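Participant: To start, I am sharing the structure in question, which I have written as structure tokens.
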Amino acid sequence: MQRLHSRGTSVGIAELLVGKVTREPIADPRLRADYIVDSRTANWGAFCTDLHGYSAVLVTGPSLPEDLPKHVPIVHSISQLEYLADGDVIAIQPSGNVNVLYRRNSHHNSILMTERCNSLCLMCSQPPQPDDDSYRVPIILRLLDLINAECPELILSGGEPALLGEDLFAVIEKCERQLPNTTLHVLTNGRLFKDARLARRLATIQHHDVMLGIPLYADCAQVHDYVVQASGAFEETLHGLYSLAEAGVPVEIRVVLHRQTYERLPQLAEFIYRNIPFASQVVLMGMEMYGLVHQNMDALWIDPIEYQDQLEEATLSLARGGMRVLLYNHQLCVLRKSLWPFAVKSISDWKNTYIATCDGCVVREQCGGFFQSGVKRHSMHIRPFLQTP
Amino acid sequence: MAGLTFYDRPHFSPAATEYRFLPFQFIDLDDTRIVLVNEVGEHYVTDRPHFDAFIRKSLDRADPIYLDLAAKHFLYNGDSTLPVRLLATKYRTKRQFLAGFTNLHIFVVSLRCEHSCQYCQVARVTSDRAKYDMSTETAERALDLVFRSPAPTLKIEFQGGEALLNFELVQQIVHSAEQRNQIAGRELEFVVATNLAVVTDDMLAFIKNHNILVSTSIDGPAALHNANRPRPGGNSYELAVAGIEKARQALGYERVSALMTTTKLSLECPEAIVDEYLQLGFSSLFLRPISPYGFALKTQIRTGYDRASFLNFYVRALDHIIDINRSGTHFVETYAQLLLRKLLTPYATGYVDLQSPAGAGINVAVYNYDGDVYATDEARMLAEMGDKTFRLGNVHSDSYEAIFGGELLRTLVTASCVESLPGCADCAFQTYCGCDPVENYAVQGDMFGHRPTSDFCKRNMFVIKHLLQLYHGEDPYIRELFWRWIQQPYTGVAEYKG
């Protein structure tokens, strides 16, 4: 699993600091405030002659290099820095915590907009927190200044990002301004967009490539509302979907598969085809074994091998209706062969892994593998394909 | 995560109030099953005991059938506004064929023909061009009207008689329409309906250069085709097949389609007709009954047949087509294809003879060689028999507003809304069907028609139910096949719009 944070001892850092990692000296001192120097560089000598204007320096060793000027904020004794690359954006807290906000070499960059949520999904991998965390917004806006313009895709997640209201739109507006080539994927439960004004507000940004990923867990309120633990959520989400569609905002339907959702999956597929044929795509996802799942394991766990009938019927019926269907988080050895063409290697690289059983499997490279969190509990039917199936 | 409270499923059940019905109709599917259809064409099959429980409002809220019926908008509970919003959107989607107004414009460029087909309603074997060819002036006036239509897509279809006998006018109309379209900016398409007997290389070069589709006629194997379609030399089939080959070489396979007319002779050999189409390299066949108009009505004894014979023919041909697909050859029956789209998709499927209100005038208009404008091709055939009831006006003497906004067209629309027609208003297959006020008038004497004695009604009731029985039958292959047909683009139906 990819490492995303580390810790060291900070000197001269009084408030949270966001910057872009560099191992190459920046010639123009006026630009240096955006950069944090990674001292593990062959250019260290060049840096030492002129460190003026950089926002901080990262050092792995236990003590400060003797040649380091005194005026620069630093973090030393950092346990590890190998995971950082030039162009990554990190945040340094006065406590010495170093967190990666954006990894230049990854296709899975996700920005946590808020930890607050108006739902409480049984299987939530990011359990909501009630506290006001709007302090994130200026950090995010600063982050957007620093992200590489070539970034192919950004995910805005939560919590429920729409709870930010106008702040969410400010972030999306800035994305459109700063990152004109970046696809934006907003993960929202869509409930607040039942207010058509919000949907229209989003549409006025005219983002060149934004899609809202919205979960729908059943074709009926009683199941959906139970899964998200919120009465009226089904109704609000559908009103939201329609408001967004009427405003011309592209939407994606996301379904997490578990014991509460698999039974009516074929009916849900038909409901989507009949009522939401305008969705850009439908994503059927294996459950991530993370967060609240553990608390609700008995209600949620089902071996994926047991829902292959329903998954096959739902997938093929959506596909024959002309809808784009994607299967996430399913290992090929538990996925019926007819569904392989729909399977996508979707797990974010930093959460992705394989288990010992996978050794020698000839389709491993095609297979999505596991969430790191799924290593402990997974299908009983994981097995390697020793020859091409 | 301590402190989080999760509620059980019953906590989220709908209120224990009595559920209410949303609009739907129903009919027996077979001895044990009933099919329910809602206003947007979603259907649900269930058995009698469950249906009875549903109707008596005694279905349990936890019953999967309750959930099915709620999800498909047959029932709702509480004060939810959601079903109405979803239904309204789906209803609008299903009616999209109305949005563009008249998009198919048929030009009868000549009534002359070198064939004298048994069932043909209109053509004349004559060399009197002055009398039976459309004039340039008439064509230009008709084009004025075509471009007044607000439709984003305009399809101009050349018919006859034999359209190629007045090919100079076809060329002029194409040039003029293309020129007008430089300003109008519509999606402009051309189709020429022809028996291909007189087609030349020069004609095909023009047809290719202007991207014109060719729609021809093949009634079946040579003996049947030639018996149906007499011409000097008795070689209609041979000329058509040679013409198809030539046209395909010039234009490409997908640019040449064929239509079949079912006559009394056809009824004996559905399999042979299907095989003929297959052998000629077509990938679809449209099983159409003969139009009850004009000469066809007059020569009923020779060419006509009763409904039961046609349905028997249809079922045999469809079975044969299914078997052909099963053995690995892709082949579509077009009438089933368009009905299946209505049955199984949320999208609009306009077909002038099978929509509500009918497409007469609002989706199709016919400009006759003499400048008269008719609401449908059948309406002008009726006129050739001396009954000009459905003449909307004349391009030389009437304005666009008078022709396309006048009393007659309004009456046709009013008379063809199945939602309010006696016998249709409470029919389960209403959303899949339509009506043809011109046929009602021709056969039954008034535009509104009489369903209990209507062949149109019986035929469609039978075919729709037959398709539903197949879809919900034992054979999963048929369900798969029907979906494959739906995914196919339509071919071979010049009149199709959707």
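Taken together, the values in this text are just the output of simple stated rules run on the coordinates, not laboratory data. Small disclaimer: the values here were computed from a predicted structure and weren't measured. Here Cβ is always computed from backbone atoms with ideal geometry, including for glycine, and neighbour counts include all displayed protein chains.
Participant: So for the pair residue B:85, residue B:453, with labels modelled 7 Å out along Cα→Cβ, what separation do we get in nm?
Facilitator: Reported label-point gap for residue B:85 and residue B:453 is 5.0 nm.
Participant: Now a separate question. Beta carbons within 10 angstrom, averaged per residue: use that to sort the peptides A:159-168, A:37-46, highest first.
Facilitator: Descending mean neighbour count gives A:159-168, A:37-46.
Participant: DSSP beta bridges in segment A:5-102, what fraction antiparallel, as a percent rounded to 5?
Facilitator: 65
Participant: Pick from A:154, A:284, A:31 the residue whose mean-square fluctuation is largest in a GNM of chain A, springs joining Cα atoms under 10 Å.
Facilitator: A:31
Participant: Just counting partner chain Cβ atoms within 10 Å, what average do the residues of peptide B:156-164 show around their Cβ?
Facilitator: 0
Participant: Also, quick follow-up: If the viscosity is 1.567 mPa s and the temperature 4 °C, what translational diffusion coefficient in µm²/s does Stokes-Einstein give for chain B when Rh comes from Kirkwood over Cα pairs?
Facilitator: The calculation lands on 53 µm²/s.
Participant: Quick check: from the Cα gyration tensor, does chain A come out rounded (a/c under 1.5), prolate or oblate?
Facilitator: prolate
Participant: Dipole size in debye (nearest 20) for segment B:94-171 around its Cα centre, Lys and Arg Cβ +1, Asp and Glu Cβ -1?
Facilitator: For segment B:94-171, the charge dipole is close to 440 debye.
Participant: Same structure again: What is chain A's relative contact order, in percent, from Cα pairs under 8 angstrom and six or more apart in sequence?
Facilitator: Relative contact order for chain A comes out at 12 percent.
Participant: Let me ask you something else. For segment A:5-102, rounded, prolate or oblate, judged on the Cα gyration tensor with a ≥ b ≥ c (square roots of eigenvalues), a/c < 1.5 rounded, else prolate if a/b > b/c?
Facilitator: rounded
Participant: Please label the shape of segment B:22-92 as rounded, prolate or oblate, based on the square roots a ≥ b ≥ c of the eigenvalues of the alpha-carbon gyration tensor (a/c under 1.5 means rounded; beyond that, a/b larger than b/c means prolate, else oblate).
Facilitator: Because a/c hits 1.5 or more and a/b fails to exceed b/c, segment B:22-92 counts as oblate.
Participant: Within a 10 angstrom radius of each residue's Cβ in A:219-229, how many Cβ atoms of other chains show up on average? Whole number is fine.
Facilitator: If you average over the peptide's residues, the count of other-chain Cβ atoms is 6.
Participant: Would you kindly state how much longer the chain becomes between residue B:414 and residue B:179 on full extension, computed as 0.36 nm times their sequence separation minus their alpha carbon distance, in nm to one decimal?
Facilitator: So the chain would gain 81.0 nm between residue B:414 and residue B:179.
Participant: Here is a follow-up. Specify the longest stretch of chain B that does not include any exposed loop site, a site being one of the GluC sites (Glu not before Pro) with a non-H, G, I, E, B DSSP assignment and at most 10 other Cβ atoms within 10 Å.
Facilitator: Here the longest segment lacking exposed loop sites spans B:19-473.
Participant: Hey, another quick one. Sorting check: for B:359-367, A:329-337, B:448-456, which peptide has the highest mean count of neighbouring beta carbons within 10 Å, and how do the rest follow?
Facilitator: Answer by packing, highest mean first, reads B:359-367, A:329-337, B:448-456.
Participant: I would also like to ask the following. Taking only Cα atoms, what is the 0 to 90° angle, nearest 10, from helix A:166-178's long axis to the longest principal axis of chain A?
Facilitator: That works out to roughly 70 degrees.
Participant: Can you work out the Karplus-derived ³J(HN,Hα) for every residue in segment B:397-411? Use 6.51 cos²θ - 1.76 cosθ + 1.60 with θ = phi - 60°, whole Hz, and x for glycine or proline.
Facilitator: Result, ordered by residue: 10, 10, 7, 4, 4, 5, 6, 9, x, x, 4, 4, 5, 4, 5 Hz.
Participant: On a 0 to 90 degree scale, rounded to 10, what angle separates helix B:476-487 from the longest Cα axis of chain B?
Facilitator: Helix B:476-487 sits roughly 60 degrees off the main axis of chain B.
Participant: Please name which of B:36, B:66, B:89 has its Cα lying farthest along the dipole of segment B:22-92 towards the positive end, using unit charges on Cβ (Lys, Arg +1; Asp, Glu -1) and the Cα centre as origin.
Facilitator: B:89
Participant: Excluding residue A:183 itself, what net charge comes from residues whose Cβ is under 11 Å from its Cβ, given Lys and Arg +1 and Asp and Glu -1?
Facilitator: Result for the local shell: -2.
Participant: Helix B:334-344: angle to the longest alpha-carbon principal axis of chain B, degrees 0 to 90, nearest 10?
Facilitator: 30
Participant: Hey, got a sec? Which trypsin sites (Lys or Arg not before Pro) in segment B:179-266 land in a DSSP loop and have at most 16 other Cβ atoms within 10 Å?
Facilitator: none
Participant: Please list, short to long, the whole-number percent of alpha-carbon pairs of the protein assembly as shown in consecutive 20 angstrom bins beginning at zero.
Facilitator: 13, 36, 30, 17, 5, 0
Participant: With a 10 Å cut-off between alpha carbons and a GNM built on chain A, which of A:96, A:360, A:374 moves the most?
Facilitator: A:360
Participant: What average count of beta carbons from other chains do you get within 10 Å of the Cβ of residues in A:273-281?
Facilitator: Other-chain Cβ atoms within 10 Å of each residue's Cβ, averaged: 4.
Participant: Using a Gaussian network model of chain A with C-alpha springs under 10 Å, which one of A:48, A:121, A:151 is most mobile by mean-square fluctuation?
Facilitator: Most flexible of the set in this elastic network: A:48.
Participant: About the Cα centre, and with charges only on the beta carbon of Lys, Arg (+1) and Asp, Glu (-1), how big is the dipole of the protein assembly as shown? Nearest 20 debye, please.
Facilitator: 260
Participant: Still on this structure: Using the Karplus equation 6.51 cos²θ - 1.76 cosθ + 1.60 (θ = phi - 60°), what ³J(HN,Hα) coupling, rounded to whole Hz, does each residue of segment B:427-438 give in order, writing x for Gly and Pro?
Facilitator: 8, 5, 9, 3, 6, 9, 10, x, 8, 10, x, 5
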